[in-house]
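Please treat every number below as a calculation from the coordinates, not as lab data. Since we're looking at a predicted model, the values are computed, not measured. Virtual Cβ from ideal backbone geometry, glycine too; neighbours counted across all protein chains shown.
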Amino acid sequence: MNRLMNVRTVVLMLLTIGLLGVQALAGEVNQWRAAAEQGSIRLEARYTEDLENGLVDQFLEVRLDNVALNTTFTVSVNGRAIGRFTTDGNGSGRFTLEALDVEADENGRPLGPRINTGDEITVSRGRHALTATFVPD
């Protein structure tokens with residue numbers, strides 16, 4: 001009887017641990033950030049992955065401040081252009097990109113394009129560029 005009680009206890013503990021593991025993955029949020037300054041010019045980028053029910057929502061936000069007014073800049077990740085934005089009348093600009101409900105791999109990371117530690121984001125206009133490297137946040 002004592003052995004049967006121990007088996008039941010172990011099975012219950014394993015089931016509880018298993019359920020906790022699933023809950024830990026649901027709603028998990030991972031973030032990376034990148035920042036650089038050149039004189040008064042400031043580049044900030046934040047990349048977020050939000051895992052929910054085996055699907056990942058990805059968000060990339062890039063902000064550039066103290067640059068030329070009403071000017072168009074190109075955003076690149078690891079040398080590949082991903083978009084453009086135009087600054088406002090104050091010399092600030094913002095670029096956002098999102099992908100919703102992306103299938104996750106076995107580690108809870110999105111399949112396909114994603115930001116990783118060490119990836120570089122560059123905001124450029126002509127020959128002028130500012131680059132920052134992503135680190136975990």
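A few comments on the model shown:
- Apart from one condition, Asp101 fits all of (1) in contact (Cβ under 8 Å) with a residue 40 or more places away in the chain; (2) farther than 21 Å from Gly27 by Cα; the exception is (2).
- With a requirement of 1 or more residues that are under 12 Å from the mean Cα position of the chain (by Cα) and surrounded by fewer than 16 Cβ atoms within 10 Å (Cβ to Cβ), the strands (runs of 3 or more DSSP E) lying completely within the stretch 19-137 that satisfy it span 28-38, 41-52, 55-65, 93-103.
- Filter pass, Leu51 being on the phi < 0 side of the Ramachandran plot, touching a residue at least 40 places away in the same chain (Cβ under 8 Å), of a type outside the set (Gly, Ala, Ser) and in contact with a helix residue (DSSP H, G or I) (Cβ under 9 Å, 6 or more places away or on another chain): yes
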